[in-house]
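For reference, the structure discussed in these notes is given below.
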Amino acid sequence: MLDIINQLLMTILSFVPRMVIVRSTHAGIKFRRGKIPKPMHPGLHWFWPLVTEVDIRVTARQTNTLPPQVLETKDGVGVVVGGYVVFYINDIIAAMSTNWDVDNTVDDIARSAVVEVVTSHTYDELRAGMTHELTKKCRSKLKQFGVGIKRAGVTDLSRCKTYRVVGGMPSGQQQSTLH
């Protein structure tokens with residue numbers, strides 16, 4: 001019985017306009033009846049919940065940590081590279097109408113930029129620093145998604161050796177595991 005009353009009340013309230021406050025560190029987007037999305041800048045906004053969906057996201061500076069990747073440099077040195085990307089959303093329409101999850105898009109594209117930079121330089125060039133080039137590459141790739149890049153850089157850079165096991169273990173041998 002309470003479910004029916006609750007559902008009836010929610011249906012009636014969908015005909016009443018609602019107010020939303022967008023903080024100064026956020027922006028929003030209104031999706032109205034299949035029309036072109038409209039941006040909601042910081043401030044007070046009214047909308048009709050019957051015909052409008054509202055989504056609000058942080059646009060202020062954010063930092064994502066990029067997990068380590070095992071790569072090979074231009075001169076054939078195996079390295080483990082971890083990094084970071086400092087970003088903000090500068091175009092809420094591009095960020096939210098073309099992406100489901102902006103953070104994942106930033107991570108994926110920044111990781112691909114790390115791969116491009118690392119594989120196109122020698123180990124000594126990477127040790128000298130690649131923050132400027134990595135930032136530039138991330139900026140150019142993420143601009144189309146409404147994301148601005150303050151800085152991208154490397155937190156970890158170390159030589160490593162990798163071994164690839166092709167196929168299974170030969171018969172009669174057991175695989176050892178480390179705990």
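In nm, to one decimal, how far is the residue 80 label point from the residue 15 one, both placed 7 Å along Cα→Cβ?
Going by the 7 Å Cα→Cβ label model, 6.3 nm.
Please work out how much length the chain gains when fully extended from residue 100 to residue 112, using 0.36 nm per residue of separation minus the C-alpha to C-alpha distance, in nm with one decimal.
Roughly 2.4 nm would be gained on extension.
For the chain, set up a Gaussian network in which alpha carbons nearer than 10 Å are linked by springs, and say which option among 40, 19, 130 fluctuates the most.
Maximum among the listed residues: 19.
Under a no-solvent Debye model with one identical scatterer per Cα of the chain, what's log10 I(q)/I(0) at q = 0.15, 0.16, 0.17 Å⁻¹?
For the chain, the Cα-only Debye profile gives -0.90, -0.96, -1.03.
To the nearest 10 degrees, how steep is helix 102-119 against the longest Cα principal axis of the chain, on a 0 to 90 scale?
Compared with the principal axis, the helix lies near 20 degrees.
Treating the beta-carbon of each Lys and Arg as +1 and of each Asp and Glu as -1, no other charges, what is the dipole magnitude of the chain about its Cα centre, to the nearest 20 debye?
It comes to approximately 580 debye.
In degrees from 0 to 90, rounded to the nearest 10, what is the angle of the helix 2-13 Cα long axis to the longest principal axis of the chain?
Approximately 80 degrees, to the nearest 10.
Just going by the charge dipole of the stretch 2-58, with Lys and Arg at +1 and Asp and Glu at -1 on Cβ, which of 17, 36, 56 is farthest out on the positive end?
36
Report, in deg cm²/dmol and to the nearest 500, the calculated mean residue ellipticity at 222 nm for the chain, where each DSSP H run with n ≥ 4 adds -39500 (n - 2.57) and the sum is divided by the residue count.
So the helix-based figure for the chain works out to -9000 deg cm²/dmol.
Bear in mind these aren't lab numbers, they're just calculated from the coordinates by the rules spelled out. Quick caveat, the model's predicted, so the values are computed rather than measured. Here Cβ is always computed from backbone atoms with ideal geometry, including for glycine, and neighbour counts include all displayed protein chains.
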